Amino acid sequence: MIVKKSLTIFLTAAFLLAFAYPLAAGAEEPEISADAAVLMDSATGEVYFAKNPHQRRYPASLTKIMTAIIALENGRLNEVVTVGQKAASVSVGSIIDLRVGDKLTLENLLKAALICSANDSTVAIAEHIGGNHDNFVELMNAKALSLGATNTRFQNTNGYTLPNHYTTAYDLALITRYALKNKDFNRFIATKEDTIYWKGKERELDVRNTNRLLRESYPGIDGVKTGSTPRAGNCLIASATRDGRRLIAVVLHCRNRFTDAAKILEYGFKEIKTVQLCKQGEQLTVIPVNEGIVSEIPLVAKNSLKVDVIKEKIPLISKRLIIEDYVQAPVNKGQKLGEVVYYLDNKEICRSILVSGQDVKRKAWLKRMLEKLLR
């Protein structure tokens, strides 16, 4: 009977040397003023830094990221929006002074919402896309749930403080990560200055991005959005890309949101390392062969595996080999014979199939019989 066994191996210092990263003292996590924060990898969703990530907070104008998602997925940028009474009556916070009957394209309203954080523009967007404001908000909530943002609830499109309008730093990172897959969203959030145009009127408005990191050309900066209310405090989601790695920093209720975001972005870019866990075809162990012309065969990784991890956490990586006690000959090269699973802090991060590294023929019948007689 073939019985499976599981072999757990914790990576030793000798194994770690193969990564070619010195085991110097790790950098301390940055101290920030934000009450809640998250640093997330845009490509993988991996979280590299967190402070109260699941604590419910007021999002202020960071809400407009979800407003933009719904608009971009349910409308066309060249659609003409006619402003109604509800949008024209918005007068608190940043606005572009919309008036009843104004006509603007959806693109101009989105630019106003994402570049200068205009509160009235989001209501005009909602009424156009959703038929009415409340229908649009329900679309926002449904989308948040589908993205895994389960600690998020919206009551409006612009971020005005209401008791049941809340989210978390982690949920905002998830929502932003999704939004960054949209090329038009990326274009708007990376724009430093632009002009909003009304249709049929000789009216235009120059707008300036509220994200100071973008205006001051922080290295690699490419978004995303500011937010501020008395209850939410000063908030920011910032994204930056360096050497092909894009990071998302969420900081909520800060004394200095731009400094906080820059600190955790720098921490990520300096401390995240790519670790080669195994290479395709690399021998990871051997397995006995029953009735084979050789007594054992090498098990090799079917795929190469790499992982991005904060440097000081490299020693916490472990691996587990899931293999059988033995395999019956004949065996074909490339035949699946097990798996290797890698963990970080006991949480699975990736795995690869283990396959036979060679063909193994079965011994001739006469030789098998002789061996049984001589036992």
Margin query: So, in the range 63-93, how many residues would count as being farther than 20 Å from LYS143 by Cβ and surrounded by fewer than 18 Cβ atoms within 10 Å (Cβ to Cβ)?
Written below: 9
Notebook entry, point to check: In the range 97-112, how many residues are outside any helix (DSSP H, G or I), closer than 14 Å to LYS199 by Cβ and in contact with a helix residue (DSSP H, G or I) (Cβ under 6 Å, 6 or more places away or on another chain)?
Noted result: 2
Notebook entry, point to check: If we scan the range 261-269, do we find a residue that is over 21 Å from PHE185 (Cα atoms), out of contact with any Pro (no Cβ under 9 Å at 6 or more places or on another chain) and among the β-branched types (Val, Ile, Thr)?
Noted result: no
Check: Are any residues in the range 257-281 β-branched (Val, Ile, Thr), assigned to a helix (DSSP H, G or I) and in contact with a Phe, Trp or Tyr (Cβ under 6 Å, 6 or more places away or on another chain), and if so, which ones?
Finding: ILE264
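Condition first: within 32 Å of the chain's Cα centre (by Cα) and surrounded by fewer than 15 Cβ atoms within 10 Å (Cβ to Cβ). Now tell me which residues in the range 294-315 satisfy that.
Correct list: ASN303, SER304, LYS306.
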Margin query: With in contact with a Gly (Cβ under 7 Å, 6 or more places away or on another chain) and either small (Gly, Ala, Ser) or assigned by TED's automatic domain parsing to the domain that holds LEU344 (or both) as the only criterion, which of ALA60, ALA112 stands out?
Written below: ALA60
Item checked: Close pairs from the range 160-183: first modelled with pLDDT of 95 or more, partner assigned to a helix (DSSP H, G or I) and not acidic (Asp, Glu), Cβ under 6 Å, at least 6 apart -> LEU172/LEU62; ILE175/ILE65; ILE175/MET66; THR176/ILE65; ALA179/ILE65; ALA179/ILE69; ALA179/PHE185; ASN182/LEU72
Item checked: Any hit, the range 42-60, residues being buried (at least 23 other Cβ atoms within 10 Å of the Cβ) and of a type in the set (A, V, I, L, M) -> yes
Note to self: So, in the range 282-305, how many residues would count as being without any contact (Cβ under 8 Å) to a residue 24 or more places away in the chain and either closer than 14 Å to LYS333 by Cβ or not aliphatic (A, V, I, L, M) (or both)?
What the structure shows: 3
Notebook entry, point to check: In this structure, does LYS192 turn out to be in contact with an Asp or Glu (Cβ under 9 Å, 6 or more places away or on another chain) and within 20 Å of CYS116 (Cβ to Cβ)?
Noted result: no
Item checked: Among residues of the range 300-334, those that are closer than 23 Å to VAL275 by Cβ, in a loop (DSSP other than H, G, I, E, B) and modelled with pLDDT under 95, counted -> 0
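The values are calculated or read from the model by the stated rules, or taken from the named source; none is laboratory data. Small disclaimer: the values here were computed from a predicted structure and weren't measured. Because the Cβ atoms are built from the backbone with ideal geometry, glycine has one as well, and the counts that use them run over all protein chains shown.
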